Amino acid sequence: MGQDKGLLPFGEMQMVEFILGQLEGMGKDRFIISNRPQDYTKFGLRVYPDVIPGIGALGGFYTAMCYMRTKYALVLACDMPFINRDLYLYSLDLAENFDVVIPRLRADGFAEPYRGVYAKSCLVPIEQAIQSERRKVISFFPDVRVRYVETEEIHQFDPEERSFYNVNTPENLAQAKIMAGIQEKAE
């Protein structure tokens, strides 16, 4: 997209504002991970840069685990604008006996890490993955207890899979605005 996706215009707001609005009333401790914290402080939440910069998304997960004050955290990406509260509450209900509860949409095993619930107990396994130079977000999964939320379970709450719509191109952004019912103003 050539710019920070969380700050993309999304109707009268920016995409991250749209996401945060859907989370209103959820969670006791909400914060943002960004390596440009000055751009995100206006949203009224704590903002943290990566504790270990330059290692990609896993560094963001590590930072989230470092700063979370609760036993579990829902980790969301700023380029996936649609939140299904019931799906995430269901995932949170499953979390008690697991370190990670993560949606898996396809039989080929694709899991969506940016829609998962993570326990604080993931901190050390993530740190070990980083030290071993394993940088994929899921690289620490063999070291934790993972519960996959399978497609059939997901479809009970999100049959259209809107929660997993990702904005990677201007065309995706235009489609997301249509999905959100955002009318573009004529210039």
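The values are calculated or read from the model by the stated rules, or taken from the named source; none is laboratory data. Just so you know, these numbers come straight off a predicted model, no measurement behind them. So basically every Cβ, Gly included, is an ideal-geometry build from the backbone, and we count neighbours across all protein chains shown. SASA here: full protein model, heavy atoms, side chains in, ligands and nucleic acids out. Shrake-Rupley method; radii C 1.70, N 1.55, O 1.52, S 1.80 Å.
As a ratio to 2.2 N^0.38 Å, the alpha-carbon radius of gyration for region 85-159 is 1.11. Residues whose amide H lies under 5 Å from that of Phe10, counting only those 5 or more places away or on a different chain, are Met15; hydrogens are built 1.01 Å from N in the peptide plane. Of the residues Gln14, Leu92, Cys122, the one whose Cα sits farthest towards the positive end of the charge dipole of the chain is Cys122 (charges of +1 on Lys and Arg Cβ, -1 on Asp and Glu Cβ, taken about the Cα centre).
With helices as the sole contributors, the chain gives -8500 deg cm²/dmol at 222 nm; each DSSP H run of n ≥ 4 counts as -39500 (n - 2.57), and the sum is divided by every residue. Computed over protein heavy atoms with a 1.4 Å probe, the carbon and sulfur contribution to the accessible area of the chain reaches 51%.
Solvent-accessible surface of the chain, taken per residue with a 1.4 Å probe and all protein chains present: 53 Å². Of all DSSP beta bridges confined to the chain, the antiparallel ones make up roughly 55%. Summary of the geometry: region 80-134 and region 141-170, compared by the centres of their Cα atoms, lie 9 Å apart. Which part of region 1-37 falls in the paramagnetic zone of Glu184, meaning amide N under 17 Å from the point 7 Å along Cα-to-beta-carbon? Only 1-2, 8-15 fall inside the zone, counting backbone N under 17 Å. Under 13 Å of direct C-alpha separation, and excluding same-chain neighbours fewer than eight residues apart, Lys42 reaches these aspartates and glutamates: Glu17. Per residue, the average separation of C-alpha pairs within less than 8 Å and at least 6 apart gives region 56-143 a relative contact order of 37 percent.
With a cut-off of 8 Å between alpha carbons and a minimum separation of six or more residues, what is the relative contact order of region 32-187 in percent?
Numbers: 217 pairs, mean separation 37.1, N = 156.
Relative CO of region 32-187 lands at 24 percent.
Residue-wise HN-Hα couplings along region 34-49, as the Karplus relation 6.51 cos²θ - 1.76 cosθ + 1.60 with θ = phi - 60° gives them from phi, are 7, 7, 10, x, 4, 7, 10, 5, 5, 8, x, 10, 5, 10, 10, x Hz; Gly and Pro carry x.
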